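Trainee: Got a structure for you, written out below as structure tokens; questions coming shortly.
The values are calculated or read from the model by the stated rules, or taken from the named source; none is laboratory data. Model, not experiment: these values are computed from the prediction. Here the Cβ positions follow ideal geometry from the backbone for every residue, glycine too, while neighbour counts run over all protein chains shown. The accessibility values were calculated without ligands, DNA or RNA, using every heavy atom of the protein model including side chains. Shrake-Rupley method; radii C 1.70, N 1.55, O 1.52, S 1.80 Å.
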Amino acid sequence: MKRLTFIQIEKGNTEHFELAQKLWVPFSKELDEHEGITETEDEILHDLTRRINIQGSRNNMHFELALKNETPVGIAMFAIDTGTVYGLLESGYGAITGFYIAPEFRRKGYGREFFRHIEQVLIADGAPKIYLTPDGVTGEPFWESLGFDNSGKFDPDDKKYIYIKDII
């Protein structure tokens, strides 16, 4: 049963920006807390604006919101990776570069439903596999439950292990 609707965040769309910031600010603060760093809300909003402005520059680049009725439940950035992570992976994989479900919607199947949507979009975009670098606190258990495996390869930018899942 589909409970969520998904919308591509549009550059210049004030309503989309307002919905996105309701999730992006707590997402960024949660990651910062786990990593022991601090960003101001202005820095977080600047990063959100930058990301909105670059997304959609390719057909296979996505920045989406998941909504339950009109309430924002989750936000995710994902795309086909046209390069590689320092030669560690083949190009053409799907990459999830940001994924967040608001805490009050966790453990209710919304994250799994949102991921299934992302998976279908990336399959349609031609990805044979999906990779990501999950947060060690909340991300790793979630992604492992969806069939992602630690590849043993380390992303020097994110300073995290790369997790991969075959999708076709």
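Trainee: Let me know the volume per residue of the alpha-carbon convex hull for the range 103-168, in Å³.
Mentor: 96
Trainee: Considering only protein heavy atoms and a 1.4 Å probe, what is the carbon-and-sulfur percentage of the accessible area of the chain?
Mentor: 49
Trainee: Using 12 Å as the cut-off for backbone N distance, which residues of the range 136-168 belong to the label zone defined by a point 7 Å from the Cα of LEU88 along Cα→Cβ?
Mentor: Residues 150-164 qualify, since their backbone N sits under 12 Å from the label point.
Trainee: Let me check against my output: what whole-number percent is the relative contact order of the chain, with C-alpha pairs under 8 Å and at least 6 apart?
Mentor: Reported relative contact order: 19 percent.
Trainee: Let me ask something else about it. Hey, can you find the accessible area per residue of the range 34-75 for me, probe 1.4 Å, expressed in square angstrom?
Mentor: With the other protein chains kept in place, the range 34-75 gives 57 Å² per residue.
Trainee: Please list, by residue number, everything in the range 1-32 whose backbone N is under 12 Å from a paramagnetic label point 7 Å out along Cα→Cβ of ARG116.
Mentor: From the range 1-32, the list is 1-4.
Trainee: Run the numbers on the range 78-168 and let me know its relative contact order in percent, using alpha-carbon pairs under 8 Å that are six or more apart.
Mentor: Once normalised by length, the contact order is 27 percent.
Trainee: Tell me whether the range 6-85 comes out rounded, prolate or oblate; compute the Cα gyration tensor, take square roots of the eigenvalues as a ≥ b ≥ c, and use a/c under 1.5 as the rounded threshold.
Mentor: Oblate shape, in that a/c is at least 1.5 and b/c is the bigger or equal ratio.
Trainee: Given the DSSP H assignment, sum -39500 (n - 2.57) over each helix run of at least 4 residues in the chain and divide by its residue total; what's the result at 222 nm in deg cm²/dmol, nearest 500?
Mentor: -11000 deg cm²/dmol
Trainee: Specify whether the C-alpha gyration tensor of the range 45-140 places it in the rounded, prolate or oblate class, a ≥ b ≥ c being the square roots of the eigenvalues: rounded for a/c under 1.5, otherwise prolate if a/b is larger than b/c and oblate if not.
Mentor: It comes out prolate by the Cα gyration axes.
Trainee: Using alpha-carbon pairs under 8 Å, 6+ residues apart, how would you state the relative contact order of the range 60-103 in percent?
Mentor: 36
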